[in-house]
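Trainee: Pasting in a structure now, in structure tokens, and then I'll have a few things to ask.
The values are calculated or read from the model by the stated rules, or taken from the named source; none is laboratory data. Given the structure is predicted, the values throughout are model-derived calculations rather than measurements. Glycine also receives a Cβ, built like all others from the backbone with ideal geometry; neighbour counts cover every protein chain displayed.
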Amino acid sequence: MTKKQKTNQLPRKTTKVKIRSILVVFLASAIIYLLIIATGVLIVLSDYNKLGYNYSKIDTSAIFPDTDNNSDTTSPSDIAEKVFKSETLENILKEIDDKRQTDESSSGSSTGNTTSTGGYPSTILSCTRSGNDLLVLVNKQYKLPSSYAPSDLVPISNSGIRTTKSGLYVRNIMISDLKNMADTMKSAGIDVAALSAYRSYSTQQATYDYWVAYNGGDTAAADTISARPGHSQHQLGTAVDFTSNEISDQLGQQFGNTSAGQWLAQHSWKYGFVLSFPSGWEQETGFSYEPWHYRYIGKDNASEWHASGMILELWLRTKN
Ligand SMILES: [Zn+2]
């Protein structure tokens with residue numbers, strides 16, 4: 001008996017029913033599969049919208065576990081790992097906000113200089129001072145070594161300042177001055193909070209790589225929205241991004257109009273903190289106006305800086 005004959009012996013109805021049920025199962029699986037993919041796409045799209053337009057509503061602590069325990073037993077490498085995990089998303093969110101603001105204000109940017117705000121010089125040099133030195137110049141030309149990480153990182157909450165999230169670290173050397181400043185502001189009825197602090201070289205690398213990939217490998221586009229690793233003052237552990245409940249703890253240029261932003265611009269130097277990227281000096285600093293970003297250089301240095309009447313970038317160039 002041949003194979004064909006064997007098949008033909010099966011009742012026609014049974015064969016039809018079998019084929020039909022196989023088709024039904026196949027189609028049902030395909031539909032379920034497509035529904036799962038469509039749901040995934042919708043979730044990604046809705047998250048993307050949140051990132052771009054309403055990211056302050058995202059609770060990053062729900063994504064990353066609480067890393068801020070004030071324990072002194074944590075080793076520096078543990079801290080670096082925790083900071084890396086908790087800061088990567090935060091940093092990306094900040095850069096999205098920066099990019100949005102840059103896009104919004106790009107029509108008013110200054111011209112007449114060959115270097116754009118986002119550009120890097122062709123020659124990149126190593127920092128002339130150690131990363132531990134409060135006066136080290138770090139900018140788009142002077143780069144910190146990838147191996148540099150502060151050895152005295154502690155939770156910024158040790159200063160008593162309010163924070164918008166856990167897992168923020170700064171150098172212990174600035175805690176007491178930060179505490180005095182935060183206490184003074186509190187006494188004056190001004191709310192201030194820390195939103196971002198230390199970022200490791202790895203964090204900056206991951207963020208920069210993300211933006212290069214986001215821009216299809218276009219590094220020039222990535223440079224306008226993210227600092228290259230080694231070029232961020234946040235790697236020093238002495239830079240802090242501030243915010244206030246006056247602007248619902250968001251990060252943005254509106255901070256400059258809050259009482260906290262105005263108080264800091266006027267008084268923070270007395271506590272050792274200096275605004276790094278002032279308005280109108282974008283060509284010199286290489287960064288857009290960031291009223292929220294302060295760098296700690298110590299009280300004595302800040303007094304000398306204040307007397308000079310210069311912006312921090314140009315004053316530090318005279319020291320490096
Ligand atoms: Zn900053």
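This table checks each residue for (1) within 16 Å of the ligand (Cβ to nearest atom); (2) in the same structural domain as residue 267 (by TED's automatic domain parsing); (3) of a type in the set (D, E, K, R).
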| residue | (1), (2), (3) |
| --- | --- |
| 156 | yes, yes, no |
| 176 | no, yes, no |
| 180 | no, yes, no |
| 189 | no, yes, no |
| 198 | yes, yes, no |
| 204 | yes, yes, no |
| 217 | no, yes, no |
| 244 | yes, yes, no |
| 249 | yes, yes, yes |
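Trainee: For segment 132-167, which residues satisfy the criterion of being assigned to a loop (DSSP other than H, G, I, E, B), within 18 Å of residue 272 (Cβ to Cβ) and either out of contact with any Ser or Thr (no Cβ under 9 Å at 6 or more places or on another chain) or among the aliphatic types (A, V, I, L, M) (or both)? Walk me through how you get there before you give the answer.
Mentor: Just the residues of segment 132-167 that are assigned to a loop (DSSP other than H, G, I, E, B), to begin with: 132-141, 144-152, 160-161, 164-167.
Among the residues that remain, those that are also within 18 Å of residue 272 (Cβ to Cβ) are: 132-138, 150, 152, 160-161.
Within segment 132-167, 133, 134, 135, 136, 137, 138, 152, 160, 161 meet the criteria.
Trainee: Any chance you could count how many residues in segment 185-209 are out of contact with any Ser or Thr (no Cβ under 7 Å at 6 or more places or on another chain) and either in a loop (DSSP other than H, G, I, E, B) or more than 28 Å from residue 172 (Cβ to Cβ) (or both)? Please lay out each step first, then the result.
Mentor: Here is the first cut: in segment 185-209, the ones out of contact with any Ser or Thr (no Cβ under 7 Å at 6 or more places or on another chain) are 185-189, 196-198, 200, 202, 205, 209.
From what is left, the residues that are either in a loop (DSSP other than H, G, I, E, B) or more than 28 Å from residue 172 (Cβ to Cβ) (or both) are 188-189, 197-198, 200, 209.
Total satisfying the criteria: 6.
Trainee: Being within 22 Å of residue 136 (Cα to Cα) and buried (at least 17 other Cβ atoms within 10 Å of the Cβ) is true for just one of 244, 196. Which residue is that? Explain how you work it out, then say what you get.
Mentor: Working: 244 fails: within 22 Å of residue 136 (Cα to Cα).
Exactly one of 244, 196 is within 22 Å of residue 136 (Cα to Cα) and buried (at least 17 other Cβ atoms within 10 Å of the Cβ), namely 196.
Trainee: Evaluate segment 206-214: report whether one residue or more is within 16 Å of the ligand (Cβ to nearest atom), in the same structural domain as residue 270 (by TED's automatic domain parsing) and of a type in the set (S, T, N, Q).
Mentor: Yes, segment 206-214 has at least one match.
Trainee: Examine segment 277-290 for a residue that is within 16 Å of the ligand (Cβ to nearest atom), in the same structural domain as residue 225 (by TED's automatic domain parsing), of a type in the set (Phe, Trp, Tyr) and within 20 Å of residue 180 (Cβ to Cβ), and state whether such a residue exists.
Mentor: no
Trainee: I would also like to ask the following. Only residues that are surrounded by 19 or more Cβ atoms within 10 Å (Cβ to Cβ) and of a type in the set (Phe, Trp, Tyr): list them for segment 204-241, please.
Mentor: 208, 211
To keep it simple, each residue is scored yes or no on (1) small (Gly, Ala, Ser); (2) farther than 22 Å from residue 242 by Cβ.
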{"residue": "129", "(1), (2)": "no, yes"}
{"residue": "148", "(1), (2)": "no, yes"}
{"residue": "158", "(1), (2)": "no, no"}
{"residue": "168", "(1), (2)": "no, no"}
{"residue": "200", "(1), (2)": "yes, no"}
{"residue": "206", "(1), (2)": "yes, yes"}
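Trainee: Another question, if that's okay. I need the full set of residues from segment 254-274 which are within 15 Å of the ligand (Cβ to nearest atom) and touching an Asp or Glu at 6+ places or on another chain (Cβ under 8 Å), in order please.
Mentor: Scanning segment 254-274 gives a single hit, 273.
Trainee: Still on this structure, I have one more. So, residue 251, is that one surrounded by 22 or more Cβ atoms within 10 Å (Cβ to Cβ) and in contact with a Ser or Thr (Cβ under 8 Å, 6 or more places away or on another chain) or not?
Mentor: So residue 251 passes the test.
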